[in-house]
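Q: Here's a structure for you.
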């Protein structure tokens, strides 16, 4: 079945540091890939998505590229801010399963001033 | 901005008791979902609901679980006889027509003692 694996957390960085959160997936077909973010006390929010190979999703300075050859969708940001502190979830959905999302474990990011 | 709201934010119950978690999806959305996250584990799909019936459910969603849309605005998840292992954060989500983004609520934390 489908699965998503994220790098283990928590991750602690200083402000303006470079961020990478690794995500790899296993899927039977051609999934769409997502990053969701959960800020403290809030629900899951879509951060970015990519629907086919080599697509790059981007939002709020975050980027992730759909790499079919390595089955990866790593999240990156060049310069993190304290306000980026949150839990980040990688997820996929397959066309055959509609919008049913399969999530990774989540990675807690803390950015210190 | 429209949002998905969930109540209660936290419920503590005794094992064997019935629990109802409530969700108010975004008003013009047609597809509704419940996910859960046991502490330290992945966010898992429970059930999807469309056109007043379940469209898909996971193996977790056994006979102890049920969903209902009792009126035009609420979407509920009932656990008939709670077990210790039902302790988790339960997320409601909704989406509109087509393969659009899922909008999540803030979650309801259920603690079974």
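The values are calculated or read from the model by the stated rules, or taken from the named source; none is laboratory data. Keep in mind the model is a prediction, meaning the values are calculated, not measured. Neighbour counts run over all protein chains shown; Cβ positions are idealised from the backbone, glycine included.
Q: Go through A:83, A:79 for me and flag whichever is at pLDDT 95 or above, part of a loop (DSSP other than H, G, I, E, B) and surrounded by fewer than 17 Cβ atoms within 10 Å (Cβ to Cβ). Quick ask: steps written out before the conclusion?
A: On the way: A:83 fails: part of a loop (DSSP other than H, G, I, E, B).
Going through A:83, A:79 in turn, the sole match is A:79.
Q: With A:12, A:70 as the choices, which residue is loosely packed, with under 14 Cβ neighbours inside 10 Å, assigned to a loop (DSSP other than H, G, I, E, B) and more than 14 Å from chain B (Cβ to nearest Cβ)?
A: Answer to the check: A:70.
Q: Which count do you get for residues in region A:86-113 that are more than 14 Å from chain B (Cβ to nearest Cβ) and more than 14 Å from the chain's Cα centre (by Cα)?
A: Of the residues in region A:86-113, 4 are more than 14 Å from chain B (Cβ to nearest Cβ) and more than 14 Å from the chain's Cα centre (by Cα).
Q: Considering only region A:22-53, state which residues are touching a residue at least 60 places away in the same chain (Cβ under 8 Å), outside any strand (DSSP E or B) and farther than 12 Å from residue A:73 by Cβ.
A: Once the filter is applied, which keeps residues that are touching a residue at least 60 places away in the same chain (Cβ under 8 Å), outside any strand (DSSP E or B) and farther than 12 Å from residue A:73 by Cβ, region A:22-53 yields A:28, A:29, A:30.
Q: Separate question: Suppose the filter is more than 24 Å from residue A:37 (Cα to Cα), out of contact with any strand residue (DSSP E or B) (no Cβ under 6 Å at 6 or more places or on another chain) and within 14 Å of chain A (Cβ to nearest Cβ); does residue B:3 pass it?
A: no
Q: If you don't mind, another one. Any residue at all in region B:80-99 that's over 17 Å from residue A:46 (Cα atoms), surrounded by fewer than 16 Cβ atoms within 10 Å (Cβ to Cβ) and either without any contact (Cβ under 8 Å) to a residue 60 or more places away in the chain or at the interface with chain A (Cβ under 9 Å from one of its Cβ atoms) (or both)?
A: Yes: one or more hits.
Q: What number of residues within region B:18-56 satisfy the criterion of being assigned to a loop (DSSP other than H, G, I, E, B) and touching a strand residue (DSSP E or B) at 6+ places or on another chain (Cβ under 8 Å)? Can you show your working first?
A: The first filter runs over region B:18-56 and keeps only residues assigned to a loop (DSSP other than H, G, I, E, B), leaving B:18, B:25-30, B:38-42, B:51-52.
Filter again for touching a strand residue (DSSP E or B) at 6+ places or on another chain (Cβ under 8 Å), leaving B:18, B:25-26, B:29-30, B:38-39, B:42.
Matching residues across region B:18-56 total 8.
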